[in-house]
Each structure stands twice: as structure tokens, then as C-alpha cells.
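Reading through the C-alpha cells given below for one structure.
We did not get these values from a lab; they are worked out from the coordinates using the rules stated. Treat the numbers as computed from the prediction; the structure is a model and nothing was measured. Every residue, glycine among them, receives a Cβ derived from its backbone with ideal geometry; neighbour counts consider all protein chains shown.
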Amino acid sequence: MKGIGVSQGIAIGRAWVMRPKRGHASGQVLNDLAAVEREIEIYRVAVSEAVTTLEAMMARAVKAEAEILGIQVELLLDPQMEEEVTGMIREDRVAARDAILKVTEQLMQVFINMKDEYMRARAADIQDVGNRVVRVLDGEDVAMQMEEGEWIVVAEDLSPSETVGLDAERVCGFVTQAGGVTSHAAIVARLRGLPAVAACSGVLGAVADRDIVVLDGVSGEVLINPSIGELQVYRKKQKAFAERLRVLEQLRDRSAVTTDGVRIQLLANIATAEDMEQALEQGAEGVGLLRTELLFMDRDSLPSEEEQVEFYKRVLLRSNGLPVTIRTLDIGGDKPLPYLGLAEEANPFLGYRAIRICLDRVDIFMTQLRAILRASVFGKSRVMFPMIGSLDELVRAKAVLAEVQRELRAAGIAFDEEIPVGIMIEVPSAALTADLLAPECDFFSIGTNDLTQYVLAVDRMNVKIAALYDSYHPAVLRLVLEVIEQGLRQGIPVGMCGELAGDPRATELLLGMGLRQFSMSANSIPVVKEVILRSKAI
Amino acid sequence: MIKKAYTILAPEGMHARPATAMVKLARQFKAVMFLKNGEKTSRLNSLIGILSMGIKGGETIELEIEGVDEGDAVAAFDVFFANHLKDW
């Protein structure tokens, strides 16, 4: 089976399966006052039991985890919660368990309706707390006493307290059927350095308690009851990985300097504020590419200016003052946004997308630029336009930016007046006219993924021709070299943020071409740094 | 009764962690405390109440503290809002 690797490493263990339980109300009606008082007492005992369990867990947890649990203890002790539950038991004559489910749901609604995204996410904490009390009432062991051994937790998804509450000594990996890179299980797994796979559909149906499970947190591969041969292969991989990790960890705090003393900048490609933390952990010196598409996806209307400001601000506040390159909306027919009403296209990669949409729907573009500029006071940001194909497009995009800046100035809203403006070089016409584009921008960032597909006329989504997709094709490399040289000649920095930048096999070549800024997913940084430390730049 | 206004220095506003710390601090005093933000009011002993006010960074809130130890409580919150809430 396969999911997404969300925390690297190989784990081999037995399945500890957590099947989702739905809390249904019983609908029982209490018929006398004695029953009411009994239910209230039952509720109070369950809460105090849950608090005791959480406090015991806090004592064992590391600081960040203990803080999450501390918030849950406060929620459990909250007098508003207690008043509402006991009030409901008294007035509606319902059982403690039903009252908890109902009150939790109401309180969750309060948070779900809030504007701030962070606050909306607190609904999950309320639910978590409610479920915890219900589980005590149901007589389930909340602390989940695991037997000794190495367990791989298999679940639909894990709530914060479930994840934190798992016995750290006995859990060696996570597989979740739902979730993704930013789900709690993934975050805690990375925090603890445990391998994890998310979005592994069908895993709960395929696994039984105590089955032997192997998971690869890089490839996302999950094996259930593997053969002896497979087991041996993975044990070897596991050992090699541990050894490698030890070597790479020692590089974390070292600067990326070549043997001939050239300082190289290693940056991260990120999409969320959480990614920022991981990037810093891996020693990134900033963000070479902040994708903004997630803000626009999985919703039914455009994100407001305020929502966008919040997002950019959250990323910038976590950046420790390091540069963050914000790429404006890069979307098209392949990642449709239903509310934009984009038509399906025969050639979405050659179609109405990215900057082409932005220059057409200037309203969307201006809102995003306003938000980026307003957030620019919270850190060191740079603006980057994707898919620029001609000087005309760049000039028009810059004119929109200038217009937004004028508006902000007129309204007396502060922003970074010196904000650098650059472009992605990912369309062949841009690469071939880099000399004409350079005077109009402050930096280039080569996007090798799209550049490769456009130069080679290979659709990167088409699996039938996947073998033809090759970023090492001389045609691609010649263009890369051309862009780097033009940047040097015209005195603007050139970075690279495509897959090639994070591929250690390409590092020496790119250094030799004169590339000094590499931006990649955070996990690749140590590997690329390792190559840089033993290479020459000139 | 003592009333005192504070500005939230944490740019992210009153998030769950600082709000939890505030509830814990409030619990150490006998005085009854209210938190006001514009039209909204919450008892300072309710994390849910505080969070649901959605207090943002840069906003000014007002504390109302009444009880035998109100002077000590205000002194404690002076320190809390000046230092503690900045680092979150």
C-alpha cells in the first residue's frame, strides 16, 4: 500500500490499530432528581479522571507536547464548559454523556464560526477534550496501556492528545488513513523523529491488530505482513538510514561553504507556516519559495485580503528575520478552483494560468499583492511572479504592484518600501531573454520543473512519457547556465527552486555553473549541504 | 475594584498557550476577574470564554479585578502582559 511519507525513516513493528469510534447520544431521559444529581456526579468524576490522566502524561512529555496537554487540562476545567454541561443535565434531563457530546458540539460551532484561522482550528481541541471525557465514561482506557514492544500506530487520523498520549517508549511509527504533512500525527512524528506515513487509503481495512507492519516515511510505502525477504531488505535500509541521519545531523549547524571558501545559500521551499519551523530545523537560511496556492484551494470562495495577511504574517513571524520569497498565485487548469469558473483546457500547462490569470483578473492579483505588502512589515519578504514569459508581462505585473503601493501609501498603511521583486524563470522565452528581463527585476529564480517540461515538450503529468522528462537534458542545462550567467553579468542574484536544486547529484554541476542560491524542500538541505562541503565552486 | 487596560503585545494575539497561562495565573488569586474587549466580556477563569473573544495582537483589553488581593493580582498581570505575552 502507499501513502505520503510525512516523517522520514523506516519503521518495523506490530500494528496497534485505533479504529474510529463515533460518540452517539443515547437519548435517555432522566426521570427523577436523584438521577440528575447522579449524572452530574458522574460527569465531575469523569472530568477529574481525565485531568489526572492528562497531568500524568504531561509529566512524561517534552515541553511542546506538555503545552498542548496543558491547554486541554484548562479546557476540561473550564467553568463555562461545566456550567453548560451540568445545566443541560438539570434542565434537559439528559445523561452526562449526551450532555457532553451536545455541549462540545455547540462550543465547537462558536470556534468554527470565527474569522481567524487559528481560532477555527481550536474547535478540534474542544472536540478532543469532549471525546476524552466520553471515553472515560465508556470505560475505555484513555492512556492506552501498550504492552512492551515496538508498535506502529495505525489510525484514521490522530487528535493532538491521542498523538501525544501514546507511549513514547513503545511507538516506533505512525500510519494514518487520512491526514497529510500538517496533521498532528505528522508533526509529532517529526518532533520525535519517528517515521510516519499519512493519506494511506484503505489501510484500516487491510490491517489487523498485531500484524507486522513496515513503513517507509520517505516513499510512503506501507507493507503489511511482509515476507522474510522483504523484512531483511527493510532492516538493512533502516540501519543505513540511522547511520546516514547521524552523519547529516552533524552538518545541521554548519554553514554551506565550499572547499575553496565560497559561501552558498541554502533556502527552503515551503507552503505553510508549519513548514517554516521544519525549514529552520534543517538549517535553512530563508525561504526561496513560499507557495501560496494552498490558501486558494479546498474552499468555495477567494480568500479575503485579511485571511491572506494573516497567513503571510504567520510565516514571516516564524522566519527569524530571514528572507521569505512569496510567489504570487500559480494556478491553472490542472489545479482548478471551482469558484473561479476556469474552463477545462486541452493544454492547461500552455493555457490560462499563473501570471496570465493575475494580469487578466487584476482584482485577484491586487488583493494578493496588498496582503503581501501589508504583511511585509513583519519580516523580510520578497515578491516573486511565476511564469513570466516576456518583458511586457513583467512590466505589467510591476505596474499593478506599483498601483497597490500607491494605494497603501495614500491610505497611510505601512509596508516595506524596499521589497525586492523578482521572477521565476520557467518559461523558455524568459530563459532566452534573461538579459532583457534582468534590468527590470531584483532577482531570478529558476524553476526547473516547468522549464524542463516546456523545453523538452514533455507534459510532466503524462505518465506515458515520464521517461522523457529529464532535467539533465543538455537543452535544459544550457538554458540554466545562460540564466545564471546573465544574472551574474547584470548583477542580480540567481537562485533555483526546482527539484534539481535539491538533487545532490546536480549540486556540483550547478556550483560549477555559478549558482549560489539553492532552494529545496527542507529535508533535502542536509544532503545538498554535504555535497557542497566537499566540492569546489570555482 | 481595579480596572486596568493592557495592550496585547504578542503579534499573533491571545492564542491558546498565553490564554492558558493567564487562566492559571488568575486562579492564584481570590479576586473575581473579568476580561473586556470592546463589547465582549469573559470571566478570566474560562479558557473557552477568553479564546472565543478572538483577541488580536495590538488590541487593547481591559481587566476588572475585585477582591481582597486585587492589588497583588494587578501587579502580577502587569508583569504578565509586559513580559510573558511578548514571547509567545
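Taking each residue of A:72-82 in turn, how many C-beta atoms of other protein chains fall within 10 Å of its C-beta, and what is the average? Write out the running numbers ahead of the final one.
Details: counts 3, 3, 14, 7, 1, 6, 9, 6, 9, 4, 1.
For peptide A:72-82, the averaged partner shielding equals 6.
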Seminar exercise, completed: Residues of the range A:373-410 with backbone N under 19 Å of the label point set 7 Å from the Cα of A:Asn320 along Cα→Cβ are A:378-382
For this session: Can you tell me the order of A:40-49, A:298-307 when each peptide is scored by its average per-residue count of other Cβ atoms within 10 angstrom, highest first?
Result: A:40-49, A:298-307
For this session: Whole Å is fine, so just give me how far the alpha carbon centre of the range A:491-519 lies from that of the range A:39-60.
Result: 54 Å
For this session: Per residue of A:352-360, count partner chain C-beta atoms within 10 Å of its C-beta, then hand back the mean as an integer.
Result: 0
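Arranged from highest to lowest average of other beta-carbon atoms within 10 Å per residue, in what order do the peptides A:360-371, A:234-245, A:91-102 appear? Provide the component values of the computation, followed by the final result.
Working: A:360-371: 18.2, A:234-245: 13.8, A:91-102: 20.8.
Going by the mean number of other Cβ atoms within 10 Å, highest first, we get A:91-102, A:360-371, A:234-245.
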Exercise. So what's the projected area for the range A:386-496, the Cα convex hull averaged over all directions, in nm²?
Worked result: 7.8 nm²
Exercise. So which of B:Lys3/B:Lys30; A:Lys380/A:Lys536; A:Lys2/A:Lys464 end up more than 19 Å apart, counting from Cα to Cα?
Worked result: A:Lys380/A:Lys536; A:Lys2/A:Lys464
Exercise. Over all pairs of distinct alpha carbons, what does the Kirkwood formula give as the hydrodynamic radius of the protein assembly as shown, in Å?
Worked result: 27.3 Å
Exercise. Taking the Cα centre of the range A:499-538 as the origin, how large is its charge dipole in debye, to the nearest 20, when only Lys and Arg (+1) and Asp and Glu (-1) carry charge on their Cβ atoms?
Worked result: 180 debye
For this session: Put one equal scatterer on each alpha carbon of the range A:437-538, apply the Debye formula with no solvent term, and list log10 I(q)/I(0) at q = 0.10, 0.11 1/Å to two decimals.
Result: -0.28, -0.34
Problem set entry | Burial ranking of peptide ranges A:378-387, A:511-520 (average Cβ count within 10 Å, highest at the top) | A:378-387, A:511-520
Exercise. If each residue's Cβ is checked for other Cβ atoms within 10 Å, how do A:Met297, A:Met1 rank with the fewest at the top?
Worked result: A:Met297, A:Met1
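If you place +1 on the Cβ of every Lys and Arg and -1 on the Cβ of every Asp and Glu, how big does the dipole about the Cα centre of the range B:11-88 come out, in debye to the nearest 20? Write down the numbers at each step before the final one.
Details: 9 positive and 11 negative charges, 70 e Å.
Once rounded to the nearest 20, the dipole reads 340 debye.
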Problem set entry | Dipole of chain A, positive end: most advanced residue of A:Ala506, A:Ala96, A:Tyr312 [Cβ charges, Cα centre] | A:Ala506
Exercise. Distances over 26 Å make up what percent of all Cα-Cα pairs in the range A:1-136?
Worked result: 35 percent
